[in-house]
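Okay, structure first, notes after.
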Amino acid sequence: MVPYPATLDVPHELVEHVAWLLYEHRRARDTRWRKLGCFDQALLTLVRLRKNETFAQLGAGFAISQATAWRYVDEALEVLASWAPALHEALTGLDEGDHVIVDGTLLPTDRVRTDQPYYSQKHKKHGMNVQVIARPDGTPLWFSRATPGRTHDLTSARAHGIVQACPTRQILVLADHAYQGAGATFRTPTTTANSPSTTSSSTATTLDSEPPANVPSPDSSPGASCAEHAPPHVMSAAPSKPTTYY
């Protein structure tokens, strides 16, 4: 492999922040010498996370072996995971009635097709399910640990304690249809009044309901038709020819 100059589209301050966390980690472990410095290890990790390059490519770019690249990235991920806030810490500062967004995302993996727990029927690929809590403007507040890709979003949210944590703080949660039944504080999309299912059920209720008390009953005399004496609301609910909506 041949290394070449490249650019990583992340702020320089982010690399420095990760490098400082790695420096504190090395000092706590009394690490005396490393092939890469803290800044280069932070850059190596961010390249892996941002561009998803293989460890062989990372090793060639940073002049280290593939195994060393894997160890450096794994170590940096452990440091970042330990620094990340817990769920209740992430919700600290949110008052009653504040809104957050909860959604699940699939991180693709290179699992084989026979590894069923990691295969998502929704996305038609293997991966890991990660739950994300964000502010209404999209700023992330908290990420969960990864679960197998076939795990349902509501099941994963309950396993990570999201469903249990939000009602205790009376935080309103905006979520999609996958979170229906999570609780009163979860706001999920509902069927609109113009949807076919609602319209059909409304029509069926009108046709099956009893006529009002002030509507006269059909005349039983010869020659009188039911249409002449039918209640107005029944006639309007049954048009003479089908109507097409666009």
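The values are calculated or read from the model by the stated rules, or taken from the named source; none is laboratory data. Please read all numbers here as calculations on a predicted model, not as lab measurements. We place every Cβ from the backbone using ideal geometry, glycine too, and count neighbours over all the protein chains shown. The accessibility values were calculated without ligands, DNA or RNA, using every heavy atom of the protein model including side chains. Shrake-Rupley method; radii C 1.70, N 1.55, O 1.52, S 1.80 Å.
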Check: For region 65-80, which residues satisfy the criterion of being open to solvent by less than 60 Å² (accessible area, probe 1.4 Å) and touching a residue at least 24 places away in the same chain (Cβ under 8 Å)?
Finding: 68, 69, 72, 73, 75, 76, 79, 80
Item checked: Failed criterion for residue 49 (all others in (1) under 27 Å from the mean Cα position of the chain (by Cα); (2) free of Cβ contacts under 8 Å to residues at least 40 places away in the same chain; (3) open to solvent by less than 70 Å² (accessible area, probe 1.4 Å) hold) -> (3)
Check: Among the residues of region 121-141, is there at least one that is open to solvent by 50 Å² or more (accessible area, probe 1.4 Å), free of Cβ contacts under 8 Å to residues at least 60 places away in the same chain, under 19 Å from the mean Cα position of the chain (by Cα) and under 15 Å from residue 179 (Cβ atoms)?
Finding: yes
Check: Residues of region 154-168 being open to solvent by less than 80 Å² (accessible area, probe 1.4 Å), at pLDDT below 85 and out of contact with any strand residue (DSSP E or B) (no Cβ under 8 Å at 6 or more places or on another chain), which ones?
Finding: 165, 167
Check: Which one is most open to solvent (accessible area, probe 1.4 Å), of the residues in region 20-42 that are in contact (Cβ under 8 Å) with a residue 24 or more places away in the chain, within 17 Å of residue 78 (Cβ to Cβ) and part of a helix (DSSP H, G or I)?
Finding: 25
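Here are 114, 139: which of them is on the phi < 0 side of the Ramachandran plot, of a type in the set (Val, Ile, Thr) and modelled with pLDDT under 85? Don't jump to the end; show me each part of the working.
Details: 139 fails: modelled with pLDDT under 85.
Of the residues listed, the single one that is on the phi < 0 side of the Ramachandran plot, of a type in the set (Val, Ile, Thr) and modelled with pLDDT under 85 is 114.
Could we say that residue 186 is modelled with pLDDT of 80 or more, open to solvent by 80 Å² or more (accessible area, probe 1.4 Å), among the hydrophobic types (A, V, I, L, M, F, W, C) and within 15 Å of the chain's Cα centre (by Cα) here?
Details: modelled with pLDDT of 80 or more: yes; open to solvent by 80 Å² or more (accessible area, probe 1.4 Å): no; among the hydrophobic types (A, V, I, L, M, F, W, C): yes; within 15 Å of the chain's Cα centre (by Cα): yes.
In short, no.
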Next item on the list: Tell me which of these residue 62 doesn't satisfy, since it passes every other one: (1) without any contact (Cβ under 8 Å) to a residue 24 or more places away in the chain; (2) over 19 Å from the mean Cα position of the chain (by Cα).
Entry: (1)
Note to self: Looking only at region 31-57, how many residues end up being at pLDDT below 90 and within 13 Å of residue 70 (Cα to Cα)?
What the structure shows: 1
